[in-house]
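Chemist: Let me give you the structure first, and then I'll get to my questions.
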Ligand SMILES: [Zn+2]
């Protein structure tokens with residue numbers, strides 16, 4: 001622990017740079033002050049205070065993007081949000097660090113500018129804060145001081161109650177809304193913003209996984225760790241890239257292996273939800289039930305019947321399956 005990096009130090013760090021505050025946040029002033037970094041910091045503080053970030057590992061998640069977009073819409077009227085900019089550029093402020101994914105270490109060392117949300121998600125496992133700053137954020141009073149430093153320094157004309165805004169979980173609200181309506185089929189023009197796409201995709205996958213109680217519909221595998229991470233994916237039956245269909249009944253919860261196999265049409269599903277396995281697979285599974293032995297079994301279905309896989313989605317998948325077998 002570095003004793004000099006105390007609350008006062010981070011109060012200066014989060015304030016604008018000036019002749020009397022050389023430590024201040026490096027912020028682009030082209031065409032007015034860009035509020036990217038203050039809004040990213042507020043998003044992180046909100047998620048720490050709401051228990052959505054519980055360790056000093058901050059991936060560019062759908063939840064973080066949803067929080068950033070919510071705060072942005074309240075705090076910045078003119079500019080368009082781009083979370084990739086502060087997520088990358090804050091590495092120059094000294095308290096924000098990158099943990100690259102395996103294989104991308106050299107890219108980070110070479111300071112390649114990784115600034116779009118999708119490239120950040122491909123290459124960065126998570127960002128993390130100085131340990132001292134992380135510890136400070138665990139203390140509600142000190143967290144509140146830093147929140148007000150950010151609001152007072154960067155959004156002085158904004159009068160809304162930030163504490164109240166913090167209570168709104170934008171990602172959970174989107175999920176609730178999609179759950180109530182059964183999901184959504186998108187128009188291509190709704191998918192032009194990369195950030196919105198990541199949030200949408202994250203919400204769909206979370207809903208599908210929850211609907212299936214974190215269980216693989218094919219093999220029944222269910223593993224959760226202490227952080228709530230699990231082994232299944234919320235996958236699409238009709239692929240999103242072709243149909244933009246995020247309705248819950250176009251979803252299926254599958255473990256990594258069976259997601260891969262389903263997307264390659266190694267198995268498909270009948271209208272009575274029984275499994276059909278391709279007959280051209282060579283498989284050795286001495287320690288597990290082989291895929292071919294699952295043929296004729298019923299998949300594991302969600303508790304609520306309205307979320308059972310839709311028959312036209314299953315039919316599409318079976319037709320592709322037959323086409324590939326022919
Ligand atoms: Zn499985």
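Chemist: Looking only at segment 255-280, filter to residues that are part of a loop (DSSP other than H, G, I, E, B) and touching a strand residue (DSSP E or B) at 6+ places or on another chain (Cβ under 9 Å); which one of those is farthest from the ligand (Cβ to nearest atom)?
Modeler: Out of the qualifying residues, it is 272.
Chemist: Quick one: which residue in 206, 211 is more than 14 Å from the ligand (Cβ to nearest atom), in contact with a helix residue (DSSP H, G or I) (Cβ under 8 Å, 6 or more places away or on another chain) and closer than 20 Å to residue 58 by Cα?
Modeler: 206
Chemist: From the residues in segment 243-253 that are more than 12 Å from the ligand (Cβ to nearest atom), under 16 Å from residue 212 (Cα atoms) and not in a helix (DSSP H, G or I), which one is nearest to the chain's Cα centre (by Cα)?
Modeler: Among those that are more than 12 Å from the ligand (Cβ to nearest atom), under 16 Å from residue 212 (Cα atoms) and not in a helix (DSSP H, G or I), it is 246.
Chemist: Out of all the residues in segment 90-114, which are touching a residue at least 24 places away in the same chain (Cβ under 8 Å) and in a loop (DSSP other than H, G, I, E, B)?
Modeler: 94, 95, 101, 113, 114
Chemist: Continuing with the same structure: Can residue 285 be described as more than 14 Å from the ligand (Cβ to nearest atom) and either surrounded by fewer than 16 Cβ atoms within 10 Å (Cβ to Cβ) or farther than 15 Å from residue 216 by Cα (or both)?
Modeler: Criteria not met by residue 285.
Chemist: Please give the number of the condition residue 77 fails out of (1) out of contact with any strand residue (DSSP E or B) (no Cβ under 8 Å at 6 or more places or on another chain); (2) under 19 Å from residue 124 (Cβ atoms); (3) not in a helix (DSSP H, G or I).
Modeler: That leaves (2) as the condition not met.
Chemist: Can you tell me which of 299, 237 is more than 27 Å from residue 191 (Cβ to Cβ) and either in contact with a helix residue (DSSP H, G or I) (Cβ under 8 Å, 6 or more places away or on another chain) or touching a residue at least 12 places away in the same chain (Cβ under 8 Å) (or both)?
Modeler: 299 is the lone residue from the list that is more than 27 Å from residue 191 (Cβ to Cβ) and either in contact with a helix residue (DSSP H, G or I) (Cβ under 8 Å, 6 or more places away or on another chain) or touching a residue at least 12 places away in the same chain (Cβ under 8 Å) (or both).
Chemist: Let me ask something else. Return yes or no: is residue 220 within 16 Å of the ligand (Cβ to nearest atom), under 26 Å from residue 118 (Cβ atoms) and in the same structural domain as residue 317 (by TED's automatic domain parsing)?
Modeler: So residue 220 fails the test.
Chemist: Additional query: Does residue 99 satisfy being surrounded by fewer than 17 Cβ atoms within 10 Å (Cβ to Cβ), within 30 Å of residue 228 (Cβ to Cβ) and modelled with pLDDT of 95 or more?
Modeler: no
Chemist: Which one of the conditions (1) under 18 Å from the mean Cα position of the chain (by Cα); (2) modelled with pLDDT under 95 does residue 236 fail to meet, given that it meets all the rest?
Modeler: With (1) under 18 Å from the mean Cα position of the chain (by Cα); (2) modelled with pLDDT under 95 applied to residue 236, the lone miss is (2).
Chemist: Next up: Somewhere in segment 39-51, is a residue assigned by TED's automatic domain parsing to the domain that holds residue 130, over 21 Å from residue 117 (Cα atoms), assigned to a loop (DSSP other than H, G, I, E, B) and modelled with pLDDT under 95?
Modeler: yes
Chemist: Which residue pairs have Cβ atoms under 8 Å apart, sit 6 or more places apart or on different chains, and have a first residue in segment 254-271 that is farther than 20 Å from residue 214 by Cβ and a second that is within 10 Å of the ligand (Cβ to nearest atom)?
Modeler: 266/291; 267/218; 267/258; 267/261; 267/291; 267/294; 268/262
Chemist: List the number of the failed condition for residue 77; all other conditions in (1) in contact (Cβ under 8 Å) with a residue 24 or more places away in the chain; (2) under 24 Å from residue 163 (Cα atoms) hold.
Modeler: Here residue 77 clears every test but (1).
The values are calculated or read from the model by the stated rules, or taken from the named source; none is laboratory data. Just so it is clear, the model here is predicted, and its values are computed rather than measured. FYI the Cβ positions are ideal-geometry reconstructions off the backbone, even for glycines, and counts take in every protein chain you see.
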